[in-house]
Structures are given as structure tokens and as C-alpha cells.
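For reference, the structure is listed below as C-alpha cells.
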Amino acid sequence: MGALAGGLLLYAALALAAHRWISGLVAPLVAALLIARHPRARFSAYVFFSALAVRGLVAGAWALALFAGAAIVVMQTPPAVRAWPRVALGRTRPAGDASST
């Protein structure tokens, strides 16, 4: 599953070279969340890849849309679900978090 993080880092380099600053700066953050297996990594990746897919479709950048779509499909595979579990009620807050009351 390191391929997703690696793909994001490669995309970040290409985006920064093309002066797409926001996308180029957010991609490594999403990659870092995936590598750290943060509880919100899966959600962050879906939001980022969905935005890339829409931008690719609107701009006619088919390679970008294909990359984003393939990443979303990869996120559905059993190894990805094991690496980054789906968000479930009660798993997103640290144990003993008093702010939820």
C-alpha cells in the first residue's frame, strides 16, 4: 500500500513543477497521513482523489482522472481496508476524550 503514498509524492512533484501549489502541497500531507495510518487518512485520501478526478474530468486531463480513479478503486481492496480501516463510530476520538460529552 506504499504505492498510494509513493504515487502521491510523485504527483506532488509534478503538480509543483506545473505551479499547482495547493494540490502540490496537499498531496504530501495526504501521503503522510496514509503512511502514519492516521484514523482520518482514508477519508482524506477519498476527498483528495475525488477532487483530482473532478479536476481531471473538467480540464480534460485524462491521465489525472485515471490516476485518481485508480487510487479510489485501490482504496476499496481488502489490503487497503486493513491498512486504513473505514471510519466507524467511536474509533475517531482518542479513548477518554472528555470533549465529546
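Quick one: would you say Ala13 is assigned to a helix (DSSP H, G or I), open to solvent by 50 Å² or more (accessible area, probe 1.4 Å) and at pLDDT 90 or above? Yes, satisfied.
Answer with yes or no whether Ser44 is of a type in the set (S, T, N, Q), closer than 22 Å to Val87 by Cβ and part of a helix (DSSP H, G or I). It is true that Ser44 is of a type in the set (S, T, N, Q), closer than 22 Å to Val87 by Cβ and part of a helix (DSSP H, G or I). Leu64 fulfils the conditions (1) surrounded by fewer than 18 Cβ atoms within 10 Å (Cβ to Cβ); (2) over 12 Å from the mean Cα position of the chain (by Cα); (3) assigned to a helix (DSSP H, G or I) except for a single criterion, (1).
You will find that of Arg55, Arg20, Arg37, the residue that is charged (D, E, K, R) and modelled with pLDDT under 90 is Arg37 and no other. In region 83-93, the count of residues that are in a helix (DSSP H, G or I) and modelled with pLDDT under 95 is one or more.
Mind checking which residues of region 25-41 are without any contact (Cβ under 8 Å) to a residue 40 or more places away in the chain and assigned to a helix (DSSP H, G or I)?
Of everything in region 25-41, those that are without any contact (Cβ under 8 Å) to a residue 40 or more places away in the chain and assigned to a helix (DSSP H, G or I) turn out to be Leu25, Val26, Ala27, Pro28, Leu29, Val30, Ala31, Ala32, Leu33, Ile35, Ala36.
Residue pairs whose Cβ atoms lie under 9 Å apart, sitting 6 or more positions apart in sequence or on different chains, and linking a residue in region 10-24 that is closer than 15 Å to Phe48 by Cα to a partner that is at pLDDT below 90 and assigned to a helix (DSSP H, G or I), do not occur here.
The values are calculated or read from the model by the stated rules, or taken from the named source; none is laboratory data. What you see is a predicted model, and the numbers here were worked out from it, not measured in a lab. Note that we place each Cβ from the backbone using ideal geometry, even for glycine, and neighbour counts take in every protein chain shown. Just the protein is used for accessible areas: all its heavy atoms, side chains included, with ligands, DNA and RNA removed. Shrake-Rupley method; radii C 1.70, N 1.55, O 1.52, S 1.80 Å.
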